[in-house]
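The next block holds one structure in the form of structure tokens; read it before the comments.
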Amino acid sequence: MNYTKKMIGLDFETYAATDLIVNGLDNYVNCPFFRPLVAAVAYSDAGEIVTKSFDFVNDYAHELMLLKETLNNCIIVAHNAGFEQTVLKRMGINLPSESFIDSAVLARAAGAAGKLEAAAPQLLGGNKL
């Protein structure tokens, strides 16, 4: 893994007319009504935390272009990163698995819960934002 790349946190909010837990990720993202709604990223730039959001509801093509530019040459950190990777692929951004770090796996390896709501206070001393 190339650690000279910028690390960037990524989280999606999405919609589909099928249940992710019941029907699985592949069926969820391939549902005819699947839509990425928003994405949020956070990264450090010269010691300052930078956050950006991308609203796919109002201007999908423009926001997709901006997201692609933002993720270019980055290592993406996401809780349950397989979800973000699959959503990106469905959106036409096909990145290799080595471009992702799964913070849920790291939380479990550190002895914390796998769900972000529980792992955040256990590892960081604060609630999920």
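The values are calculated or read from the model by the stated rules, or taken from the named source; none is laboratory data. Keep in mind that this is a model prediction, so the values were computed, not measured. Positions of Cβ are generated from backbone atoms using ideal geometry, with glycine treated the same way; all protein chains shown enter the neighbour counts. In case anyone asks, the SASA skips ligands and DNA or RNA and just uses the protein heavy atoms, side chains included. Shrake-Rupley method; radii C 1.70, N 1.55, O 1.52, S 1.80 Å.
Overview of values
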{"read-out": "Where Gln122 falls short, out of the listed (1) polar (S, T, N, Q); (2) on the phi < 0 side of the Ramachandran plot; (3) modelled with pLDDT of 85 or more; (4) open to solvent by 40 Å² or more (accessible area, probe 1.4 Å)", "value": "(3)"}
{"read-out": "Single match in Val77, Val87 (criterion: more than 19 Å from Lys6 (Cα to Cα) and of a type in the set (A, V, I, L, M))", "value": "Val87"}
{"read-out": "Filtered residue count, segment 42-58, keeping only those that are open to solvent by 30 Å² or more (accessible area, probe 1.4 Å) and either among the β-branched types (Val, Ile, Thr) or in contact with a strand residue (DSSP E or B) (Cβ under 7 Å, 6 or more places away or on another chain) (or both)", "value": "8"}
{"read-out": "Matching residues in segment 69-81 - criterion: being exposed (fewer than 14 other Cβ atoms within 10 Å of the Cβ) and outside any loop (DSSP other than H, G, I, E, B)", "value": "Glu69"}
{"read-out": "Unique residue being open to solvent by less than 60 Å² (accessible area, probe 1.4 Å) and over 13 Å from Lys6 (Cα atoms) when the list is Ala39, Ala61", "value": "Ala39"}
{"read-out": "Residues (of a type outside the set (Gly, Ala, Ser) and either within 12 Å of the chain's Cα centre (by Cα) or modelled with pLDDT of 95 or more (or both)) located in segment 31-47", "value": "Cys31, Pro32, Phe33, Phe34, Arg35, Pro36, Leu37, Val38, Val41"}
{"read-out": "Selection status of Asn58, closer than 17 Å to Val41 by Cα and at pLDDT below 95", "value": "no"}
{"read-out": "Inter-residue pairs, beta-carbon under 9 Å, first farther than 13 Å from Leu71 by Cα and in segment 43-56, second open to solvent by 60 Å² or more (accessible area, probe 1.4 Å) and small (Gly, Ala, Ser), 6+ apart", "value": "Val50/Ser44"}
{"read-out": "Residues (modelled with pLDDT of 95 or more and among the acidic types (Asp, Glu)) located in segment 62-100", "value": "Glu63, Glu69, Glu84"}
